[in-house]
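One structure below.
The values are calculated or read from the model by the stated rules, or taken from the named source; none is laboratory data. What you are looking at is a predicted structure, and each value in this text was computed from that prediction instead of being measured. Remember, those area values only see protein heavy atoms, side chains included, never the ligands or the DNA or RNA. Shrake-Rupley method; radii C 1.70, N 1.55, O 1.52, S 1.80 Å.
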Amino acid sequence: MKRGLFITLFLFVIALSAFSVACSSSPKAKEYTDLEVVHQWVKKNVSRTVVNQLVLPTTCEEVENCEISWSSSDPKIIDNTGAVVTRPEETTKVDLTYSIKIGKKLVKEFVLGVYVSSQSLEEVEEELSMM
C-alpha cells in the first residue's frame with residue numbers, strides 16, 4: 001500500500017515539474033510577462049493629470065518588439081496623441097484606451113483615466129503669482 005502511494009506521489013511530482021518547465025519556457029508565458037511589464041510601465045510613466053499636453057508613448061524601452069497605440073474617449077478634449085484640443089470648462093475625466101502589441105500576435109487593451117484641467121499651466125502659474 002505504501003509503495004503504491006509513494007509511486008503515485010513520485011509520478012505526480014515528475015508530471016507537475018515537467019508541466020511547470022514546459023509552461024515557463026513557452027513564448028506565450030514570456031509574452032504575457034512582457035505585457036504586464038509594459039502595462040505597469042505605462043501606468044508609472046503616463047501622467048493622470050493633464051495641464052498642457054500629455055506625452056503618450058508608442059513603445060516601451062523595457063520590452064523589445066512592443067507597440068502601444070492610443071484612443072481617446074473624448075477626442076474633442078484630448079486627442080489620440082495626447083494633445084489637448086479644447087480646454088474643458090471644468091476639470092474633466094477622459095478615458096484613454098491603449099493597446100499593447102508584443103511581437104506579431106499578442107494584443108491587449110487597457111483603459112487609463114486622465115483628468116484634463118480646465119486651466120493651462122500658464123494660467124495656473126499666473127494665478128499663483130497673484131497670491
Phi to ³J(HN,Hα) by Karplus 6.51 cos²θ - 1.76 cosθ + 1.60 over the stretch 33-43, Hz, x for Gly, Pro = 5, 4, 4, 5, 4, 5, 4, 5, 5, 4, 4
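P(r) tail for the stretch 34-108, what percent of Cα pairs lie past 13 Å? Numbers along the way, then the final one.
Details: 1805 of 2775 pairs.
Summing the P(r) tail past 13 Å for the stretch 34-108 gives 65 percent.
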Rank these residues by their accessible area, most exposed first, probe 1.4 Å: Y115, Y98.
-> Y115, Y98
